[in-house]
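*Asks:* Structure in structure tokens, see below.
Here, each number is a calculation from the coordinates, and none is a lab measurement. Values in this document were obtained by computation on a predicted structure and should not be read as measured data. Positions of Cβ are generated from backbone atoms using ideal geometry, with glycine treated the same way; all protein chains shown enter the neighbour counts.
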Amino acid sequence: MKNKIINFIITFFLISVFIFIFFDKFAMPIYIRKGNTDRLINVRGKILERAISELKVSGFNGVVFDTVFTSELLPQTIIDQYPPSGQKVKKGRTVRLKISRPEKMVNVPSLVGKSRRSAEIAIQQLGLELDTVYIEFNPDYPRGTVAWQFPKSGDKIKKGRGLQITVSQGLPPDFYQVPQLFGLSLNSAKDKLSLSRLKLGKITYQQNEDLVPYTILDQSISPGTVLNKTTQINLIVSVLNLQDIFDSIQNQK
């Protein structure tokens with residue numbers, strides 16, 4: 001019984017060795033075509049056209065499978081390859097190449113007059129960044145809106161670059177600028193004076209049949225004048241008939 005076990009073990013061992021030698025020396029070389037392999041050349045750092053040509057001469061095929069946008073390398077420079085150089089591979093194998101592309105240029109959007117949030121969204125949608133935000137008083141732009149930008153609208157810059165903007169804080173505390181009131185209705189003029197933190201002064205009526213009643217004909221301080229304190233602005237207003245104004249005043253007494 002013991003001899004049978006020993007014979008079985010020896011037989012099993014010999015068969016296993018035979019199978020291993022057969023696959024190692026005959027079956028596997030045929031399967032992987034061992035006699036038709038070569039070490040892969042290194043094409044990193046070369047221009048795509050030259051890299052593909054050298055691969056073809058060496059018996060391989062090159063194909064672009066990925067790109068990287070960069071300004072640090074010449075366009076179509078090979079950044080990486082797979083399989084890597086030096087690896088033993090079959091002839092005719094396709095080598096995947098990663099190449100460089102020029103960075104994309106985008107038009108700078110117009111941001112002046114937009115809210116800060118709207119400006120940020122417009123910048124992000126184009127793949128740009130908000131680099132610096134300045135805050136300052138500016139009487140020409142409402143509080144919270146963009147009053148200045150750099151680069152300016154329409155310029156072309158590389159994708160991923162940053163922009164600078166200035167966000168208005170509105171009117172300074174001691175800044176009062178007289179608005180243009182000529183041609184406005186009396187009610188509109190009152191609203192505009194209120195927004196400018198100025199006061200309505202004396203109203204003088206002047207008969208004028210060519211204009212809509214209660215249209216502003218003149219103002220006591222020229223539009224655009226900057227004052228350092230709140231001031232009354234006197235107005236001249238049109239009416240169709242001065243008698244109507246006189247009667248209205250008499251009725252109020």
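*Asks:* Using the Karplus equation 6.51 cos²θ - 1.76 cosθ + 1.60 (θ = phi - 60°), what ³J(HN,Hα) coupling, rounded to whole Hz, does each residue of the stretch 192-200 give in order, writing x for Gly and Pro?
*Replies:* Working through the residues one at a time gives 5, 5, 5, 5, 8, 6, 10, 10, 7 Hz.
*Asks:* Further question on the same structure: What is the sum of charges, Lys and Arg at +1 and Asp and Glu at -1, for the other residues whose Cβ falls under 12 Å from the Cβ of Gln87?
*Replies:* Numbers: positive: Arg39, Lys88, Lys90, Arg93; negative: Asp38.
Once all neighbours under 12 Å are counted, the net charge is +3.
*Asks:* Right, something else. Using the Karplus curve 6.51 cos²θ - 1.76 cosθ + 1.60 with θ = phi - 60°, what ³J(HN,Hα) values do you get for each residue of the stretch 88-104, in whole Hz, with x for Gly and Pro?
*Replies:* These are the phi-based 3J(HN,Hα) values: 7, 9, 6, 4, x, 5, 7, 9, 8, 10, 9, 10, 8, 10, x, 4, 6 Hz.
*Asks:* Output the pairs from Lys152/Lys192; Lys56/Lys158; Lys46/Lys88; Lys114/Lys152; Lys46/Lys104; Lys56/Lys159 with a Cα-Cα distance over 25 Å in this structure; if there are none, say none.
*Replies:* Details: Lys152/Lys192 31 Å; Lys56/Lys158 35 Å; Lys46/Lys88 21 Å; Lys114/Lys152 14 Å; Lys46/Lys104 22 Å; Lys56/Lys159 35 Å.
Too far apart for the 25 Å limit: Lys152/Lys192; Lys56/Lys158; Lys56/Lys159.
*Asks:* For the stretch 132-163 and the stretch 167-193, what is the separation of their C-alpha centers, rounded to whole Å?
*Replies:* Using only Cα atoms, the two centres lie 24 Å from each other.
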